[in-house]
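The values are calculated or read from the model by the stated rules, or taken from the named source; none is laboratory data. This is a predicted model, so every value here is computed, not measured. Positions of Cβ are backbone-derived with ideal geometry, glycine not excepted, and every protein chain shown enters the neighbour counts. What goes into the accessible areas is simple: the full protein's heavy atoms, side chains included, and nothing from ligands, DNA or RNA. Shrake-Rupley method; radii C 1.70, N 1.55, O 1.52, S 1.80 Å.
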Amino acid sequence: MRIRLSIRETRGEFVKRVEEISGQEILACNQCGKCSAGCPAAMAMDLLPSQVIRLVQLGLEEALTSETIWLCASCLTCLSRCPKGVDLPRIMEALRQLVLRKEGDRLELSALPVDFLSEAPQLAIVAGSRKYLS
Amino acid sequence: MRHLYFPGCTLSTKAKGFAASGEASARALGIDLVELSQWNCCGATFPLAMDNLLALVAPTRILLNAQKEGDHLVALCSICYHVLKRTNRLLREEADKREKINLFIEEEYRGEVRVFHLLGLLRDEIGFETLSQRVQKRFQGLKVAPYYGCLLLRPFQEIGLDDPEEPRILDDFLASLGCEVVEFSHKTECCGSYLTMNSSEVTRELSHAILRSALASGAQAVVTSCPLCQFNLDYRQGEMAAHYPGFAQIPVLYFTQLLGIALGIESDTFGLADHHVDPRPLLREV
Amino acid sequence: MVIGGGISGIQAALDIANSGYEVVLVERLPSIGGHMAQLSETFPTLDCSQCILTPRTVEVGHHEKIKLVTYSEVEEVRSQGDDLRVKVRRKPAYVDWERCTGCGLCQEKCPWRVTSDFERGIGERKVIYTLSPQAVPNKPVIDREHCVYFQKGGKCGACAKFCPVEAIDFQQKEEIWEEQVGAIVVATGYDLYPMERLSEYDGGHHPDVIDSLQFERLLSASGPTAGEIRRPSDGAVPKEVVFVQCAGSRDPERGVAYCSQICCMYTAKQALLYKHKVHEGQAYVFYIDIRAGGKGYEEFVQRAMEEERVLYLRGKVSKIFPQNSKVMVWGADTLSGKRVEIAADLVILATAILPSQGAWDLKEKLGIKIDESGFYEEAHPQVRPIESGVPGIYLAGAGQGPKDIPEAVAQGSAAAAKVLALFASEV
Ligand SMILES: Cc1cc2nc3c(=O)[nH]c(=O)nc-3n(C[C@H](O)[C@H](O)[C@H](O)COP(=O)(O)OP(=O)(O)OC[C@H]3O[C@@H](n4cnc5c(N)ncnc54)[C@H](O)[C@@H]3O)c2cc1C
Ligand code: SF4
Ligand code: SF4
Ligand code: SF4
Ligand code: SF4
């Protein structure tokens, strides 16, 4: 597949919003891949974290449909090793927020097993709600 | 010495043993943890979206309450510590955000309170050497894996407790209790954190990788300072055993539980029976 | 005066001396040659480094116009009219070099071995030592800190017993004297970024995670393994070897912001030489970009890939840690979109080039400037790259910025031309 790039994408609203919400210069990322190399959750991701950033750099909203953004655990491993100081966890958060704000919740607490809910620490539930509920 | 103390939601409910062991141990060492008279949940996540200032209100209130009662605040839970420490830095250093948040809370708070983790106090105020001399029961020969996780250490620029790649604080703490501290590759890898809420398999995998690495290094127990890590590493061992035949279960303890026992404190209130993998047989052994 | 006896300083000294002027060459170490003396073979021609270096060091050693002062450093510089008065301090070698014939008996007889800096900690030397058998000057020095005679109050003294010309002088003192010169060429070269600061890359703990100069020593026929590739931990021949480029370079957050310029090329060289020595082995190279802009350089890298089947993986390594008897490397291959883990037998970090230690100190003494990367600042980066901005003081070699041998030599010659032009204008 060939994607068509033009100023509409590369300087478009999507890139601007991600940069605003994340507070990051998206083009500071030089695609070195160090984040992906160390990301603990990458084993379950459909795109590597650095590929998600790349899509945003190109202005392609398909970054929003990647499972990767929901599998990022905000563990900050990538941030602490990124040679360019790119706060990738904030970019992931921005992408999640763009989806949540438009499409609503990603988690149904009532659907979780009772046993699990009764065992899980409060902060798991609070954190999960913060991350997956709009 | 009197120290203001923020237990947080989890330590007041599901992780009472963490709180009880921490409070009792601190007291035995002359650290009088005085609970904040008024507190709320910290939010359990530091908000990463720049436009989500609202989520900073909760931790700001905690810090503000602390300021009314003292000049610093101690946490035991890694996540509470992380959230309070980062929020506090932001309020101190980012004037525009501070102004907006102060408008929300209708009070003035400028990040003056100093935020500590109990481990930091043990290292910097008591000193591990002194601590070692106070130990009554040494865990001679107990092989433990110090598991730091993510939020206690990262981001270093904001937390500054220890080197995020080669941390020592938990290692040195455990050594001062007489434990044999094992080196293992996954001490700062992520346990899955809140993915536990909707990606249980991923969480199981991440936690399993940590335990596998600890077990391969000969550890008999894993030690943490985070209730979410403790949960993921402990609770999910049932699934691990089902998924990985031959997986040997391993107790996951809070650092304060070992501390309390080492100081000779009665461990009835330490919640040892609440763990999924019962640590008591191992503790009796040593 | 030329400060720094690496290839760049050597070139400057020879060019000036061959034009009929007197040169004082000041070198901190006991002998000259700089880092080139540690290298095995050199890209892109694979000439043996010692073989192309030695004729030059020997020429310096014999040159009647060159006063070679090694084991010495510049203490103080004052300008006096058109001249510069330079105080030089020479450390005591505890050997009278006037008498010493360089026979080497003392080194042979000295019973004590310590790890050698020249071998970058993976080889040994005696307590009385020269840097290498080809050293110029080929005169030994005693490492006082490790010498039993000094540390245990007069015990040992084996070297003194065996020296046929009674050159050992335990009473020798440091010397300070002044030289008057018309110009100075600063050619103090580089150091490597310390592995201890790369904590995610195991921080220099594991013996089988080594830096690129250590690997040069493993490749060198004169090195601790006589040129056989054996890993430091157990002496086994490594079957899978991982090279990690940009280790500390291009990392404005925690390392250095600049590209170290030579590591792409020497990594290709090292991987290729590894394959020459271990035919059945596999070499992997993690890289971000390959910078091979010199003459014949791209062809050289292609040769490593195609003919030697070195596998290049495009992505930066995130973490290195020991696992059983191997070293685990977590990297990425962004071209395939995969995370990669390799259980390696040996890992070589292409650590960043830093200006040599002491550059700050010299900067103060000479009144020259240092740029934000820590290298000597030129008067103008485009059109005056050799001048320091201070009249009579010129820059050459890797102290001015990372560079390879041909560039260091070219800049040495350029600095010499500047000095000669200055002298010509003063006549
Ligand atoms: C692993 C590796 C492999 C390499 N392989 C190649 C290759 O194959 N081909 C190639 O072209 N290049 C290669 N290089 C690059 C090569 O080493 C340099 O280009 C060259 O050594 C630069 O020479 P120099 O004289 O500028 O500096 P140096 O070689 O660093 O010499 C500087 C000299 O100055 C002395 N000195 C320092 N400070 C003082 C002081 N204050 N007072 C007195 N003396 C001082 C030092 O002791 C040293 O002798 C390689 C580099 C590395 C790290
Ligand atoms: S580590 Fe940083 S610079 Fe490298 S690809 Fe990831 S975000 Fe980009
Ligand atoms: S913060 Fe997210 S993207 Fe970064 S390493 Fe952790 S899980 Fe991966
Ligand atoms: S034995 Fe004497 S002459 Fe021979 S190298 Fe040693 S000091 Fe020089
Ligand atoms: S020369 Fe190559 S390996 Fe070295 S810093 Fe530059 S890009 Fe990285």
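For region B:31-133, what is the Kirkwood hydrodynamic radius in Å, using each pair of distinct C-alpha atoms?
Working: mean 1/r = 0.0700 Å⁻¹.
So the Kirkwood estimate lands at 14.3 Å.
Taking 0.36 nm per residue of sequence separation and subtracting the Cα-Cα distance, how much length would be gained by fully extending the chain between residue C:276 and residue C:112, in nm to one decimal? Mind showing how you got there, number by number?
Working: separation 164, 0.36 × 164 = 59.04 nm, distance 3.51 nm.
Gain in length upon complete extension: 55.5 nm.
What net charge is computed for the residues neighbouring residue B:227, neighbours being all others with C-beta under 12 Å from the C-beta of residue B:227, Lys and Arg scored +1, Asp and Glu -1?
Values: positive: B:14, B:16; negative: A:119, B:234, B:274.
For residues surrounding residue B:227, the net value is -1.
For region C:105-162, with all protein chains present and a 1.4 Å probe, just round the carbon and sulfur fraction of the accessible area to a whole percent.
Numbers: 1500 of 3130 Å².
Carbon-and-sulfur percentage of accessible area, whole number: 48.
DSSP loop (so not H, G, I, E, B), at most 16 other Cβ within 10 Å: list which GluC sites (Glu not before Pro) in region A:70-127 pass both filters. Write out the running numbers ahead of the final one.
Details: sites: A:93, A:103, A:108, A:119; in loops: A:108.
Of the GluC sites (Glu not before Pro), the ones in loops of region A:70-127 whose Cβ has at most 16 other Cβ atoms within 10 Å are A:108.
If you build the Cα gyration tensor of chain C and take the root of 5 times each eigenvalue, what three semi-axes come out, in whole angstrom, biggest first? Mind showing how you got there, number by number?
On the way: eigenvalues 270, 165, 68 Å².
Result for chain C: semi-axes of 37, 29, 18 Å.
Relative to 2.2 N^0.38 Å, what does the C-alpha radius of gyration of the protein assembly as shown come to as a ratio? Two decimals please. Could you put the intermediate results ahead of the total?
On the way: Rg = 31.1 Å, N = 847, 2.2 N^0.38 = 28.5 Å.
Against the compact-globule rule of thumb, the ratio is 1.09.
Hey, with R₀ at 25 Å, roughly what FRET efficiency would residue C:85 and residue C:384 work out to, going by the Cβ-Cβ distance, to 0.05?
Working: r = 25 Å, r/R0 = 1.02.
Here the calculated transfer efficiency is 0.50.
Based on the Kirkwood radius over alpha-carbon pairs, what value in µm²/s does the Stokes-Einstein equation return for the translational diffusion coefficient of chain B at 25 °C and 0.890 mPa s?
Working: Rh = 19.3 Å.
Stokes-Einstein gives a translational diffusion coefficient of 127 µm²/s.
Would any residue of region C:129-149 have its amide N under 16 Å from a label point 7 Å out along Cα→Cβ of residue C:170? List them or say none.
C:142-149
Under a crude label model (7 Å from the Cα following the beta-carbon direction), how far is residue C:177 from residue C:299 in nanometres?
The modelled label-to-label distance comes out at 5.0 nm.
Quick one: divide the alpha-carbon radius of gyration of region A:28-89 by 2.2 N^0.38 Å and tell me what you get.
On the way: Rg = 10.5 Å, N = 62, 2.2 N^0.38 = 10.6 Å.
Compactness ratio reported: 1.00.
Counting each DSSP H run of 4 or more residues in the protein assembly as shown as -39500 (n - 2.57), what helix-only mean residue ellipticity at 222 nm follows after dividing by all residues, to the nearest 500 deg cm²/dmol?
On the way: 33 runs with 302 residues, N = 847.
-10000 deg cm²/dmol, from helical runs alone.
How about region C:337-427: which GluC sites (Glu not before Pro) there are in a DSSP loop, with at most 13 other Cβ atoms within 10 Å of their Cβ? Before the final figure, lay out each step's value.
Working: sites: C:341, C:364, C:372, C:377, C:378, C:387, C:407, C:426; in loops: C:372, C:377, C:378.
Taking region C:337-427 and a limit of 13 other Cβ atoms within 10 Å, the loop GluC sites (Glu not before Pro) found are C:372.
Could you compute Rg(Cα) / (2.2 N^0.38 Å) for region C:286-427, with N its residue count? Mind showing how you got there, number by number?
Values: Rg = 21.1 Å, N = 142, 2.2 N^0.38 = 14.5 Å.
Normalised by 2.2 N^0.38 Å, the Cα Rg of region C:286-427 equals 1.46.
Within 13 Å, Cβ to Cβ, of residue C:203, how many net charges do the neighbouring residues add up to if Lys/Arg are +1 and Asp/Glu are -1?
On the way: positive: B:168, C:197, C:254, C:319; negative: B:163, B:165, B:166, B:183, C:196, C:200, C:202, C:211.
It works out to a net charge of -4.
Ratio of Rg to Rh for region C:129-250, alpha carbon only, Kirkwood?
Details: Rg = 20.4 Å, Rh = 19.1 Å.
When Rh is taken as the Kirkwood radius, the ratio is 1.07.
Can you tell me the length gained on complete extension of the stretch residue A:105 to residue A:2, counting 0.36 nm per residue apart and subtracting the Cα distance? Intermediate results must be reported in sequence, preceding the final value.
Working: separation 103, 0.36 × 103 = 37.08 nm, distance 3.28 nm.
Between residue A:105 and residue A:2, full extension yields 33.8 nm more.
Using only the Cα atoms of region C:189-292, what do you get for the radius of gyration and for Dmax, in Å?
13.8, 39
Residues of A:90-97, mean number of Cβ from any other protein chain within 10 Å of their own Cβ, rounded to a whole number? Please list the in-between numbers first.
On the way: counts 4, 1, 1, 6, 4, 0, 2, 6.
Counting Cβ atoms of other protein chains within 10 Å of each residue's Cβ and averaging gives 3.
What net charge do the residues around residue B:98 carry, taking every other residue with its C-beta under 10 Å from that of residue B:98, with Lys and Arg at +1 and Asp and Glu at -1?
Numbers: positive: B:92, B:97, B:100, B:110; negative: B:93, B:94, B:96, B:99, B:108.
Spelling it out: positives minus negatives among the neighbours equals -1.
How many nm is it between the label spots at residue C:326 and residue C:343, if each spot is 7 Å from the Cα in line with the beta carbon?
0.4
Rg (Å, one decimal) plus Dmax (Å, integer) for the alpha carbons of chain A?
Here Rg and the maximum Cα pair distance are 15.8, 52 Å.
Could you work out the Kirkwood radius for region B:87-146, taking every pair of different alpha carbons, averaging 1/r and inverting it, reported in Å? Before the final figure, lay out the partial values.
Numbers: mean 1/r = 0.0666 Å⁻¹.
Roughly 15.0 Å, rounded to one decimal.
Using a Gaussian network for chain A with springs between C-alpha atoms less than 10 Å apart, which of these wobbles most: A:83, A:40, A:113?
A:113
Among B:136, B:257, B:230, which one shows the biggest mean-square fluctuation in a GNM of chain B, springs joining Cα atoms closer than 10 Å?
B:136
Kindly give Rg over Rh for region B:179-286, based on alpha-carbon atoms, with the Kirkwood expression for the hydrodynamic radius.
Numbers: Rg = 13.6 Å, Rh = 14.3 Å.
Using Cα coordinates only, the ratio equals 0.95.
Mind giving me the nanometre distance, one decimal, between the label points for residue B:34 and residue A:20, set 7 Å out from Cα along Cα→Cβ?
4.6
If you bin every alpha carbon distance in region B:151-234 into 5 Å steps from zero, what whole percent lands in each bin?
Whole-percent P(r) values from 0 Å outward: 3, 14, 22, 25, 21, 11, 4, 1.
Could you give me the radius of gyration and the Dmax of region C:105-162, taking only the C-alpha atoms into account and expressing both in angstrom?
Over region C:105-162's Cα set, Rg and Dmax evaluate to 11.3, 32 Å.
Which value, in Å to one decimal place, does the Kirkwood hydrodynamic radius take for region C:95-195 when every pair of different Cα atoms is included? Can you show the working numbers first?
Details: mean 1/r = 0.0643 Å⁻¹.
Kirkwood hydrodynamic radius for region C:95-195: 15.6 Å.
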